[in-house]
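Taken together, the values in this text are just the output of simple stated rules run on the coordinates, not laboratory data. Note that the coordinates shown come from a computational prediction; the quantities given were computed from them, not determined experimentally. Glycine gets a Cβ as well: all are built from the backbone with ideal geometry, and neighbour counts include every protein chain shown.
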Number of protein chains: 2
Amino acid sequence: MLDAGGLEVLGRQECLALLGAAQIGRIVFTDRALPAVQPVNFVLSGGDIVIRTTAGSKLAAAARGAVVAFEADEFDPRAGTGWSVVVTGQARVVSEAGELQRLRGLPLPVWVPGERGDYIAITPELVSGRRIPARGGSAA
Amino acid sequence: MLDAGGLEVLGRQECLALLGAAQIGRIVFTDRALPAVQPVNFVLSGGDIVIRTTAGSKLAAAARGAVVAFEADEFDPRAGTGWSVVVTGQARVVSEAGELQRLRGLPLPVWVPGERGDYIAITPELVSGRRIPARGGSAA
């Protein structure tokens with residue numbers, strides 16, 4: 001199925017499979033009444049999107065109980081192909097000891113030196129995805 | 001200079017140079033009171049970020065006069081390197097005939113079949129960028 005803009009509409013399971021294979025996403029939130037966006041490493045775990053951030057960071061504060069969007073994508077400019085998945089859901093800072101212990105065992109790499117002690121989990125409510133259909137073919 | 005999270009802080013000119021070399025970004029806006037994000041092709045022109053969208057699209061409606069964020073990034077998971085630039089500014093749907101004619105001449109590829117008659121311009125007000133410092137070295 002194509003949307004009004006000519007993009008192939010992806011189902012929820014396909015969206016979650018694409019997210020499961022991605023490493024970098026972007027969390028979209030509101031910071032002092034302005035739209036804000038920040039790239040993050042993430043991992044899917046137990047159906048949640050899990051990210052790490054510095055304790056007390058702007059992101060940790062802004063995401064506390066807020067509805068956020070989360071986006072991941074992959075594009076190949078030479079081929080003119082790509083996909084994008086957007087999740088909307090409530091974010092929470094994980095504080096329960098057992099859950100924290102479980103999250104600390106996840107394969108969630110951090111590329112930047114420095115402490116990243118807070119875990120934020122986003123439970124997907126709305127999940128949508130689009131793929132650029134192959135050129136000259138129909139995206140059945 | 002490093003920020004509190006250990007990332008190198010980029011200056012405005014460096015941010016705009018990185019944006020000028022990128023092809024894909026993500027526009028962040030509010031849709032029915034929820035955070036929304038959509039990847040787009042873009043080009044820098046006259047200091048503005050210029051994107052094309054379908055006339056009457058959700059994006060065109062939401063971006064009309066709104067303050068939006070715009071993000072572009074590039075990451076290399078194998079090397080653990082990358083950068084991200086975020087611009088915040090007011091978006092406008094371009095309607096003046098002379099400006100429209102100029103924008104239609106820009107090298108702004110569209111990867112998806114179908115009409116993309118509306119042009120949205122974002123004038124950067126806040127510009128910020130971060131780079132992951134090289135491992136084991138100082139990011140002077």
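Under 12 Å from a point 7 Å along the Cα-to-Cβ line of A:GLN23: which residues of the range B:54-96 have their amide N that close?
B:75-82
Averaged over its residues, how many other protein chain Cβ atoms are within 10 Å of peptide B:66-73's Cβ atoms?
If you average over the peptide's residues, the count of other-chain Cβ atoms is 4.
Report, as an integer, the average count of C-beta atoms from other chains found within 10 Å of each Cβ along A:125-133. Intermediate results must be reported in sequence, preceding the final value.
Numbers: counts 1, 1, 0, 0, 0, 3, 0, 4, 3.
Shielding by partners across A:125-133 averages 1.
With a Cα-only, solvent-free Debye model of the protein assembly as shown, what are the log10 I(q)/I(0) values at q = 0.13 Å⁻¹?
-0.89
Rg and Dmax in Å for the range A:44-95, alpha carbons only: what are they?
In Å, with Rg to one decimal and Dmax whole: 14.2, 44.
What is the spin-label model distance, in nm, from A:ARG64 to B:VAL110 if the labels are put 7 Å beyond Cα along the C-beta direction?
Here the answer is 4.5 nm between the modelled labels.
So how tilted is helix A:12-21 from the main axis of chain A? Cα-based, degrees 0 to 90, rounded to 10.
Relative to chain A, helix A:12-21 is tipped by roughly 60 degrees.
So for each of A:45-51, B:37-43, A:10-16 I average, over its residues, the number of other beta carbons within 10 Å; can you give me the resulting order with the highest mean first? Provide the component values of the computation, followed by the final result.
On the way: A:45-51: 18.4, B:37-43: 22.0, A:10-16: 15.7.
By packing density, highest mean first, the sequence is B:37-43, A:45-51, A:10-16.
If you count, for every residue in B:27-35, the Cβ atoms of partner chains within 10 Å of its Cβ, what is the mean?
Mean number of neighbouring Cβ atoms from other chains: 5.
From the C-alpha coordinates alone, can you work out the Kirkwood hydrodynamic radius of chain B, in Å?
16.1
At what distance in angstrom do the alpha carbon centres of the range A:7-54 and the range B:119-133 lie from each other?
20
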